[in-house]
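See below for the structure under consideration.
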Amino acid sequence: QFFVFCHGLLQLSQLLVSGYLKSSISTIERRYGLSSQTSGLLASFNEVGNTLLIVFISYFGSRVHRPRFIGCGAVLVSLAGFLMSLPHFITGPYEYDQSVASMFSNTTDLCQPGVPRSWGNLSNAGCTPHAARENHEVLLVMFIAQVLLGIGGVPIQPFGISYIDDFASERNSPLYLGILFSVTVIGPGVAFMLGSAMLRFYVDIDKVTGDEVQLTNKDPRWVGAWWLGFLVAASLVALSAVPYFFFPREMPKEVSLFLSDFPLVLLRNLRHPVYLLVVLAQVNLSAMVAGLATFMGKFLERQFSLTASLANMIIGAVNIPGAMVGIVVGGAILKRFQMSLRQCSAMCVLGMFLCLLLAFPLLFLGCPTQKVAGITYSESSEFGHHTLECNLQCNCPEKAYNPICGSNAIEYISPCSAGCSIVNINADNSVLNYTNCSCISENGLAGFAKPGTCGTGCSHLFLPFVVLSCLAGILASTSHTPSFMLILRSIQPEDKSFAVGIQFMLLRVLAWMPGPVLYGSAIDTTCIFWEKKCDRKAACRYYDNNLFRQR
């Protein structure tokens, strides 16, 4: 029982490390200027280390000291977690464009006609070879950490489960495994809640004092303390690893497969039509789940103008528990009605069909991108020119990004592009508003603007969206248990563990690895304004929200 407890704790903290990345993905994109394709690849990269080893590990399971192997894997996972947070400590503080001269730069992004610009941190200061190298180092460290995370995770689940199954009594074994399974389902929810908590803190909480931070967490330039969660999760893993080095080896006899049978059993299973069809159905569903889990938070942030913290809260407290309820309900129905294989497949079909019906309206529950001058909105006919006539005398830098919302309800990418020449400041050094803006005319007078984005004005659709997506998720996940039953009952008993191994292998290679990358690429195609770093595309500033939602 102590082993079961330790293993539950370890699986939870391992999932915290891998799940936490998904909750902070939009923040890491913003901090290091990544496209969603790159961040999707990063998110799925832990599957690479995992896939390479999983077959061998499951095969040699009966010949090694399993608890010690699990312990070593956990140490690797913990190391990977600490590595993930390393970029924060090897790069300088986060720089953003601002209107008030500060410790970063004495330049501002106001409209100052006739002042020759020596744009400090707004132009190519960030383009030294050093800065470019720093960015490559960050990516390299994170990709290495993800591979280590995948490798370290390999022994944890298969060895833990077989160890428990070997030593628990026949009667208790299903209970213990059920406990572990529920932990693996809760894990991602806890990870998103951790993300929600950590991203409320400013990223450089350890490098700058509070009064020097001029951003609130509602500001589109806000970057939360993404690295803190990795430190928390990695420490937890390190703690849970300790007991494993003290559990006994004790090995009962096990019937083991030999590598020479490998191709034969593989072909026998892949030729089985039920097995193949169910696995392909699971692949399609899992690819969707992998993509959604990675980018759902980012979608909610953009579509409904939420903070990263609130978006994670919704996913961790509503969507993931919904999926858990669906899995439990599916299993309960299965048990209650003692279903045949045909009834199992009918139940899967019904669940997915109802899910589709409920998910269909989600295509329309959203709002277009807000009006942004020179990007989604132009008073004159020529469209897409970032220069407006009214700010020509300002010599605005192309790079400046410090969105403000004009009193005419149009967003401008910086005070300079709105032609604002005066900034008014609160007592605590934060910006109150911008005045004297030549591009914002109201009744012939120069208008004013507030800091921050105008938002999509979509809050009225937020609740229906969350309710429908949660219900659709519950319905889809009712098919989880019956689809497993279809696989377990349709193949020869002696191939069972092997068939499940191949099933997970196919899910990894065909769903969990490509899923986030495909989703990220699709999201990138809907970007209408890219941040530029050293003449390369960095993170996306504005998406076409309708396309983002539909794709």
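For the range 149-233, the solvent-accessible area works out to 41 Å² per residue, with a probe of 1.4 Å and every protein chain left in place.
Counting only protein heavy atoms and using a 1.4 Å probe, what share of the accessible area of the chain belongs to carbon plus sulfur, as a whole percent?
Percent of accessible area from carbon and sulfur atoms in the chain: 67.
The mean accessible area for residues of the range 389-451, using a 1.4 Å probe and ignoring ligands and nucleic acids, is 45 Å² per residue. The residue among Asn319, Gly330, Phe364 whose Cα reaches farthest toward the positive pole of the charge dipole of the range 306-458, with charges on the beta-carbon of Lys, Arg, Asp and Glu, is Gly330.
Candidates Tyr96, Thr435, Ala281 compared by Cα position along the dipole of the chain: farthest toward the positive end lies Ala281, with charges placed on Cβ.
Output the peptides 459-471, 148-160, 428-440 sorted from most to least packed, where packing is the average of other Cβ atoms within 10 Å over each peptide's residues.
Result, highest mean first: 148-160, 428-440, 459-471.
Here Val208 and Thr435 are evaluated by their C-beta separation; at R0 = 35 Å the FRET efficiency comes out at 0.80. Amide hydrogen proximity for Tyr401: with H placed 1.01 Å from N in the peptide plane, the residues at 5 or more positions away or on another chain lying under 5 Å are Asp97. Summarising the label geometry, the points placed 7 Å from Cα in the beta-carbon direction at Val509 and Leu231 lie 4.1 nm from one another. Close amide H pairs (under 5 Å, H built 1.01 Å from N) link Asn433 with Asn424, residues at least 5 positions away or on another chain. Estimated from helical segments only, the mean residue ellipticity of the chain at 222 nm is -18000 deg cm²/dmol, where each DSSP H run of four or more residues counts as -39500 (n - 2.57). On the basis of the beta-carbon distance and an R0 of 35 Å, Leu463 and Ala427 show a calculated FRET efficiency of 0.45.
Pop the C-beta distance of Phe2 and Leu547 into the FRET formula with R0 = 51 Å and round what comes out to the nearest 0.05. Computed FRET efficiency for Phe2 and Leu547: 0.45. Using Cβ point charges alone (K and R +1, D and E -1), the dipole size of the chain about the Cα centre works out to roughly 1460 debye. Close amide-amide hydrogen proximity is noted between Tyr543 and Ile528, each under 5 Å apart and 5 or more residues distant or on a separate chain (H modeled in the peptide plane; Pro and chain starts excluded).
Considering only DSSP beta bridges whose two residues both sit in the chain, what percent are antiparallel, to the nearest 5?
Close to 90 percent.
Pull out the extension gain between Arg342 and Arg249, defined as 0.36 nm times the separation in residues minus the alpha carbon to alpha carbon distance; nm, one decimal.
So the chain would gain 29.2 nm between Arg342 and Arg249.
Evaluating 6.51 cos²θ - 1.76 cosθ + 1.60 at θ = phi - 60° for every residue in the range 407-419, the Karplus couplings come out as 5, 8, 6, 10, 8, 10, 6, 7, x, 5, 6, 8, x Hz, glycine and proline recorded as x. Work out which helices of the chain, taken as complete DSSP H runs, extend at least 20 Å along their axis over the Cα atoms and score a mean Kyte-Doolittle of 0.5 or more, then list them. Counting only whole DSSP H runs, the qualifying helices are 2-23, 46-60, 66-90, 129-153, 173-198, 226-241, 273-304, 320-337, 341-359, 459-477.
Bridgeable lysines around Lys335 (alpha carbons under 29 Å apart, same-chain partners fewer than 8 residues away excluded): Lys496. Applying a threshold of 22 Å to the alpha-carbon distances of Lys207/Lys537; Lys371/Lys450; Lys298/Lys532 flags Lys207/Lys537 as lying beyond it. Look at the dipole of the chain built from charges on Cβ: of Ala132, Leu9, Phe247, the Cα furthest out on the positive end belongs to Phe247.
The values are calculated or read from the model by the stated rules, or taken from the named source; none is laboratory data. All of these numbers come straight from a predicted model, not from anything done at the bench. Note that each Cβ is placed from the backbone with ideal geometry, even for glycine, and that neighbours are counted across all protein chains shown. Quick note on the areas: whole protein, heavy atoms, side chains included, nothing else; ligands and nucleic acids left out. Shrake-Rupley method; radii C 1.70, N 1.55, O 1.52, S 1.80 Å.
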